[in-house]
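Data first, discussion second: the structure below is written as structure tokens.
Laboratory data are not the source of any read-out in this text; all were calculated from the coordinates shown. Bear in mind the structure is a predicted one, so any value in this text is a computation, not a measurement. Positions of Cβ are generated from backbone atoms using ideal geometry, with glycine treated the same way; all protein chains shown enter the neighbour counts.
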Amino acid sequence: MNQVSATKGHMNSKPEGFELFLLRLRKKMVSIDPYLTVAGIGLWLFAYWVLCEGLEIWRFTKLPGPVAISKDWFSTTPFQGISIFTQEYYDHIFVSCQRILFAFGLATGLGVPLGLFMGWSRKIRDYVFPIIETLRPIPILAWVPLSILLLPGFEGPVIFLATLASFFVTTLNAMLGVDSIDEEYFRAAGCLGSSRWDIFRHVVVPGALPFIFTGLQISIGVAWFSLVAAEMVSGDLGLGYLIVDAYMNNVTVPMVIAMITLGFIGYFSSACVRTLGNTLMAWHVKELAQQGR
Amino acid sequence: MAGKSHKREQTGALSIKNVTKIYDPSGVNVKAVDDCSMEIAAGEVCMIVGPSGCGKTTLLNAIAGFHSITEGSIHLDGDLLCGPGKPKAEQSAERMVVFQHGALFPWKTLQENVAYGPTVQSAMSAGEAMEKAGQMLAEAGLGQFIKKYPGEVSSGMARRAEIVRALINDPKVLLLDEPYRAMDALTKQIMHESLLETYDRTGVTIFFITHDLEEAIFLGDKVHVVTTRPCQLKKTVEVRIPRPRSFETQSSEEFRTLLEEVNEAVHEEAVKAFQAGEREMA
């Protein structure tokens, strides 16, 4: 018995806090997962290099390979104008992120309550749903001319388009989230003497939350997509604008740098939404854990 | 019937008179309940037994106020719950339901779940409710799990917690819709003993739907056998086994005789239901 405790070291008592973090980190390091991830990325980078610079296959010569990209991206005097040391790079990133934050915030602030009310009240759904379902299929870029006519300046249309796309996704998911709640929870709440407002607070909102967060992860992706598309058409700063501007000026390296940056930022923002969701819905995470997921 | 609660006089007498319920799903009239009458005395454990899909849940739903009735009336302690002019009863904490698949709110801990009723009814402050909830859960043997979510505990514990959630509201009638249906036999035994112990302590009227005949006789004072759809009262068997009961009761002579009696009545209905190709409503 003593030998077993000795080998387990400081794990006589259940690990908490930082100890737990170290334990989990250690477990992760000895498993194959992180190494597979690294190997995957390495393989992709290698294939990219082979196509663009190694073997210079066909039209891939027109694209900058990883060597050309990293030469510019990480140098203090980039040949084609954008690197992590140039202020311009961060200006573009900052502007795009600012727009996304605003658009996503607005879309969520409008979409979640509307979706919840639509799910909860038959009347509201009957009034609003047909309108939303007819507007939703219109591609975001089809709204560009209308948004330029409607809203002054550059920022207005860009943010409007990102908000719109995100709004539809969020609203629909919130509404479906309410639909997904089992009728028995409503009955149980009714039995226990809840008012309509109690039911909204204690059943509708928490019950729809998993769906809402799934929707939010999709919606932030959609917001980015619409934002970049909008920036390409009518912007003066931002990562989307950078891509188009680079293409117009025949410098391909900033174009690819901007794309990769978008990838990272997009991943990060989705991860933020996911983490927020997991924090708010500890019950859901634990339930899934019980099922072995 | 032993061990009545000293805090409440006998309440919870249900009177179901000539209740008929006709559904109209997809424009085809479905008569779920037809002229069903039964009397449930206050403080009695009343078991409803019948084949699946015969309309027993409809009866429970009518008492709880989830569905309306087409004809007839239901009274609780002489007050009209639903009847002519008032087809649907109001949902109320007087008639608490424990659901078949369990309806503890997954987003609240067990303690928060149990405290929910008194808090929203403003019967107690939130703090008091949480304390009482913790107490009652501990009495039910769940003291260690009060801060856990329903997704983290076993179904047996969740079901017990749900019963505590119902009882904290001091209901007149406890309506149970096949609550132990999805459990293995061993968990069921524990559940039965727990329920009997609770009943001996509180004396609440229990309206229990089941298709498990042994469960019905073991727990009940009266077993009402109902016919296949449309639901009507076919036979009432009185269970005179004295309380408190233990699982040894199940091997007694009296128990076996009663089981035979009930079985005969139910079997006939089960065969009819099977032949009619009833789609299980559960």
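Side notes on the structure shown:
- Residue with peak Gaussian network fluctuation, chain B [Cα springs, cutoff 10 Å], from B:232, B:91, B:121: B:121
- For the segment B:80-92, counting C-beta atoms of other chains within 10 Å of every residue's C-beta and taking the mean gives 1.
- Per residue of B:99-108, other chain Cβ atoms within 10 Å of the residue Cβ number 6 on average.
- The distance linking the stretch B:116-192 with the stretch B:16-58 is 27 Å (Cα centroid to Cα centroid, whole angstrom).
- Counting only alpha carbon atoms, the long axis of helix B:126-139 and the longest principal axis of chain B meet at about 70°.
- If you take all other residues with their beta carbon under 11 Å from the beta carbon of residue A:52, and give Lys and Arg +1 and Asp and Glu -1, the sum is 0.
- Among B:169, B:153, B:115 the positive-end extreme of the charge dipole of the stretch B:103-170 (Cβ point charges): B:153
- Three principal axis lengths of the stretch B:103-170 [C-alpha, angstrom, descending]: 30, 22, 18
- Residue among A:181, A:220, A:93 with the largest mean-square fluctuation in a Gaussian network model of chain A, springs linking Cα atoms under 10 Å: A:181
- Peptide A:280-290 - average C-beta neighbours from other chains (10 Å radius): 4
- Each of the peptides A:96-107, B:108-119, B:170-181, A:44-55 was scored by the mean count of other Cβ atoms within 10 Å over its residues; in descending order, highest first, they stand as B:108-119, B:170-181, A:96-107, A:44-55.
- Taking a ≥ b ≥ c as the square roots of the eigenvalues of the alpha-carbon gyration tensor, the stretch A:182-254 is classed prolate because a/c is 1.5 or more and a/b outweighs b/c.
- Shape index of the stretch A:149-293: Rg/Rh, with Rg the Cα radius of gyration and Rh the Kirkwood radius from the inverse mean 1/r over Cα pairs, equals 1.14.
- Expected 222 nm ellipticity per residue - DSSP helices of 4 or more, -39500 (n - 2.57), all of the protein assembly as shown, to 500: -17500 deg cm²/dmol
- In this Cβ point-charge picture (+1 for Lys and Arg, -1 for Asp and Glu), chain A has a dipole of about 860 debye about its Cα centre.
- Considering only A:158, A:246, B:138, and ranking their Cα positions along the charge dipole of the protein assembly as shown that arises from unit charges at the beta-carbon of Lys, Arg, Asp and Glu, the one farthest toward the positive end is A:246.
- Dipole of the stretch A:87-290 computed with +1 at Lys/Arg Cβ and -1 at Asp/Glu Cβ about the Cα centre; of A:124, A:87, A:227, farthest Cα towards the positive end is A:124.
- Which listed pairs, of A:28/A:62; B:88/B:222; A:27/B:188; B:172/B:272; B:188/B:235; B:31/B:222, have C-alpha distances above 30 Å, in listed order: A:28/A:62; A:27/B:188; B:172/B:272
- Summing Cβ point charges (Lys, Arg +1; Asp, Glu -1) relative to the Cα centre of the protein assembly as shown gives a dipole of roughly 760 debye.
- Candidates B:24, B:79, B:35, ranked by Gaussian network fluctuation over chain B, Cα under 10 Å, top entry: B:24
- Each label point was placed 7 Å from the Cα along the Cα-to-Cβ direction; for residue B:274 and residue B:30 their separation is 2.2 nm.
- The translational diffusion coefficient of chain A, from Stokes-Einstein at 4 °C and 1.567 mPa s with a Kirkwood hydrodynamic radius over alpha carbon pairs, comes to 57 µm²/s.
- Per-selection metrics, the protein assembly as shown (Cα): Rg and Dmax in Å: 32.1, 98
- For residue B:17 and residue B:138, the FRET efficiency from 1/(1 + (r/R0)^6), where r spans their Cβ atoms and R0 equals 45 Å, is about 0.60.
- Extending 7 Å from Cα along the Cβ direction at residue A:36 and again at residue A:101 yields two label points whose distance is 3.7 nm.
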